1. Roughly how many nanometres apart are two label points built 7 Å out from the Cα toward the Cβ at Leu158 and Leu143?
2. If we count every other residue with Cβ under 14 angstrom of Ser65's Cβ, Lys/Arg +1 and Asp/Glu -1, where does the sum land?
3. Quick check: residue separation of Ala64 and Phe84 times 0.36 nm, minus the Cα distance between them. What number comes out in nm?
4. Post the alpha-carbon centroid distance, the stretch 17-40 to the stretch 77-98, in whole angstrom.
5. Positive end of the charge dipole of the chain (Lys, Arg +1 and Asp, Glu -1 on Cβ, about the Cα centre): tell me which of Leu14, Ile172, Leu162 has its Cα farthest that way.
6. Rounding to the nearest 20 debye, state how big the charge dipole of the stretch 1-156 is about its Cα centre with +1 on each Lys and Arg Cβ and -1 on each Asp and Glu Cβ.
7. May I ask for the longest run of the chain untouched by chymotrypsin sites (Phe, Trp or Tyr not before Pro) that are loop-located per DSSP and have at most 12 neighbouring C-beta atoms (other than their own) within 10 Å?
8. Set the Förster distance to 25 Å, then compute FRET efficiency between Leu77 and Ala181 from the Cβ-Cβ distance, nearest 0.05.
Amino acid sequence: MENLLSLNTVVSLLLGISLSAACGLRVFLPFLIIGATADFGHFTLPTDLQWLSGNQALIMLLIASLVEIISYYVPWLDNALDPFAFPLATAAGTIVTASALPPETNSLVQWTLAAIVGGGSAGLVKGATSLSRLGSTALSGGLTNFLISTGELLGAALLTVLAIFVPIFAGILVICFIFFALFKAYQLFNKRLNSSVKT
């Protein structure tokens with residue numbers, strides 16, 4: 001029973017990690033997809049997220065998703081939105097991870113794990129894409145930013161679908177991306193540090 005509970009917790013964490021990463025790409029779209037999937041009977045929502053499958057919630061999420069998606073295709077507005085989207089993505093990642101954990105999880109453990117794993121995943125993904133957008137803006141004046149926005153949109157949708165149907169695979173994929181991003185950040189930091197030392 002303990003092993004089953006442990007496995008259930010691990011799978012729930014992987015689900016939370018992958019949905020959190022999707023929230024780091026687009027804040028509202030993952031909630032819309034999981035709500036719509038649950039409404040069609042293909043996914044059982046955690047108790048804390050049952051409201052997502054309601055008609056009013058789905059309409060509001062659809063509007064919010066469309067506004068967010070369109071806004072990220074407007075030059076310069078996309079960069080202006082990132083500072084505001086970062087805390088929203090982190091909060092969304094924390095909430096979705098906390099909700100994904102088994103209901104018998106201790107509240108302190110639940111929200112601590114959610115903040116570290118879920119909020120951390122969403123924040124890291126959001127930070128990485130924001131830096132990519134800034135780099136694209138610097139190199140092309142924002143003309144190629146639509147490519148990043150499209151990649152984020154497709155990534156958020158695909159990752160959410162994978163999280164719903166194959167959470168273990170999706171979670172492992174996100175963990176690999178996080179380690180890769182941290183490794184690249186470490187390399188960049190070392191490169192700049194060595195350059196400053198030489199000068």
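Every number here is computed from the coordinates shown, using simple stated rules; none is lab data. These figures come from a predicted structure and were not determined experimentally. Reconstructed Cβ throughout: ideal geometry from the backbone, glycine too, with neighbour counts over all protein chains shown.
1. 2.7
2. Values: positive: Arg26; negative: Glu68, Glu152.
The answer is -1.
3. Working: separation 20, 0.36 × 20 = 7.20 nm, distance 1.44 nm.
Stretched fully, the Ala64-Phe84 segment lengthens by 5.8 nm.
4. 13
5. With unit charges placed on the Cβ atoms, the residue in question is Ile172.
6. On the way: 3 positive and 8 negative charges, 55 e Å.
Charge dipole, the stretch 1-156, about its Cα centre: 260 debye, nearest 20.
7. Segment 77-199 is the longest.
8. Values: r = 25 Å, r/R0 = 1.00.
Efficiency at R0 = 25 Å is approximately 0.50.
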